[in-house]
Amino acid sequence: MKAVGDIIGKDVITQDGVDMGEVKDLDVDVGSWRVTGVVVKLNRDVLERLHMRRPMLGTQEILVATADVTGVSDRVVLSRSLDVYAKAPADSGGDDPKGSESPPA
């Protein structure tokens, strides 16, 4: 079992080896007390590949379903490639930091 503090700040790597960003937070279903997702603070160079707006300062975040996490050690490893998380260009105008959930399997 891992504590929240052991996961926050870890690098997130996609299946195709892209350093996506780092874990900023965990999404918890308080009804069941289960972790349902990982909030990933994206690396600025990844935003373009995800068709997301690059803010003047900082970066954006996405919510990745825990079902997409294959392992946690010194990094969090995902079971999908970066391109799976790409939003359609028309959707890139939203300001909701958690608005991009993982696509269905």
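Points worth noting:
- Part-to-part distance (alpha-carbon centres) for segment 38-89 and segment 11-29, which is given in Å: 6
- Cβ-Cβ FRET estimate between Ser81 and Arg34, R0 fixed at 22 Å, reported to 0.05: 0.30
- Loop sites in segment 9-86: trypsin sites (Lys or Arg not before Pro), DSSP, at most 15 other Cβ within 10 Å: Arg49, Arg53
- Shape annotation for segment 4-76: C-alpha extents along the principal axes are 37, 24, 20 Å, from largest to smallest.
- Site pair Asp16 and Arg49 shows an inter-label distance of 0.7 nm when each label is modelled 7 Å from Cα along Cα→Cβ.
- Loop-located GluC sites (Glu not before Pro) in segment 8-70, at most 12 other Cβ atoms within 10 Å (DSSP): Glu48
Bear in mind these aren't lab numbers, they're just calculated from the coordinates by the rules spelled out. Just so it is clear, the structure is predicted and the values come from calculations on it, not from any experiment. Cβ atoms come from the backbone with ideal geometry, glycine included; neighbour counts cover every protein chain shown.
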